[in-house]
Structure formats: structure tokens, C-alpha cells
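The values are calculated or read from the model by the stated rules, or taken from the named source; none is laboratory data. Everything numeric here is computed off the predicted structure, so don't read it as measured data. We place every Cβ from the backbone using ideal geometry, glycine too, and count neighbours over all the protein chains shown. Calculation scope for accessible area: heavy atoms of the full protein, side chains included, ligands and nucleic acids excluded. Shrake-Rupley method; radii C 1.70, N 1.55, O 1.52, S 1.80 Å.
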Amino acid sequence: RGHKGAVLALHVERGAGRAASASEDGTVRLWNLDTGTCTLTIAAHEKGVAQVVVDWDMGRVMSASADETVRIFDAGSGDQLGVFEGHSEPVQFLDVDFGQQRAMSVSSDGMVKVWDTNTLECDVTFGATNWGPVAALRV
């Protein structure tokens, strides 16, 4: 079975046959693409999940949501490892460099935050409401 709401984002690892999906139902699901089965469902957020990023080797999943948070989970158990708080609008985009322990998120008000994934602290905030909508983000 799949999500109960629309799928808003995918993260696919083609060579290994794995994927993660993010949904407006507030969940993140991990998938085995060879069998088409869901291997884990994470009740990630109270509102829709706009982005999901996975580092399969490190066993980490990060998600961004309309609940104004970014969260990090264990990819094996689904346990929440931390919450990144500080946005005042829904978080629309997320990118992560797990090796450098850095994540970037942007909310619908145009504010970009750079996070330390180890300490869960925001290192830098920039942007402005007069920028207009941000359409993409890359660490």
C-alpha cells in the first residue's frame, strides 16, 4: 500500500533499487524498487512533507514540511533523531550533504537556513521576502 495523500517528492537511488517518497499525508516511505514494496513508513510530520533526502550508507533520512520544520530520522528504524526549528513558513525545499554535516532549507517566505546536521543548530540564515519564490536549492 502507498500513501494516503499525494506524493510531493521522491529521492531515488537507481543503482541500489531503493527510493523514498514524501507525501501530503505527513509520512515518508522507503521503498524496495525491485519488489515494489514499502520497507518502512515514517510518521514524519503533522502536515505535508514537501521534500525528502536519504543517505542510505549513513542510514539517515531528512524531510522538510509545511509544519515549518526539518526533521532527521534513522533509515533503519524510523526513529526521529532531531528536529530543526526556526522557519516561520512552510519549508518547501531541502538539500543535504551528509558527509559535510550540512543541510540547507528554504521556506515559502524566501528565507534560507544552513543547518549543522550534527548539532541541529542553524549556522546561517539569509534571504528576503522581496526575493520572490525560490524554485530550487542545492548544497
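Of Gly36, Ser65, Leu81, whose Cα points farthest to the positive end of the dipole of region 36-92 (charges on the beta-carbon: +1 Lys, Arg; -1 Asp, Glu; origin at the Cα centre)?
Gly36
Tell me, what is the 1.4 Å probe accessible area of Met111, in Å² to the nearest 10?
For Met111, solvent-accessible area is about 50 Å².
Could you state how much accessible area Thr117 has, in square angstrom rounded to the nearest 10, with a 1.4 Å probe and all protein chains kept in place?
20
Ignoring ligands and nucleic acids, what accessible area does Asp79 show with a 1.4 Å probe (Å², nearest 10)?
90
Could you tally the net charge around Gly59, taking each other residue with its Cβ under 11 Å from the Cβ of Gly59, Lys/Arg +1 and Asp/Glu -1?
-3
Rounded if a/c is under 1.5, else prolate if a/b beats b/c, else oblate: with a ≥ b ≥ c from the C-alpha gyration tensor eigenvalues square-rooted, which is the chain?
Values: a/c = 1.87, a/b = 1.50, b/c = 1.24.
It comes out prolate by the Cα gyration axes.
Roughly how big is region 41-80's charge dipole about its Cα centre, with Cβ charges of +1 (Lys, Arg) and -1 (Asp, Glu), in debye to the nearest 20? Don't jump to the answer; show the numbers that get you there.
Numbers: 3 positive and 7 negative charges, 16 e Å.
Its charge dipole is roughly 80 debye.
Largest first, what is the accessible-area ranking of Glu13, Glu24 with a 1.4 Å probe? Walk me through the numbers before you get to the answer.
Working: Glu13 55, Glu24 105 Å².
The ordering from most to least exposed comes out as Glu24, Glu13.
Leaving ligands, DNA and RNA out of it, report the carbon-plus-sulfur percent of the accessible area of region 9-53 at a 1.4 Å probe. Spell out each step's value before the answer.
Working: 1020 of 2220 Å².
So the carbon and sulfur contribution to the accessible surface is 46 percent.
For region 1-107, with only Lys/Arg (+1) and Asp/Glu (-1) charged at the beta-carbon, what is the dipole magnitude about the Cα centre, in debye rounded to 20?
Numbers: 9 positive and 15 negative charges, 65 e Å.
Approximately 320 debye in magnitude.
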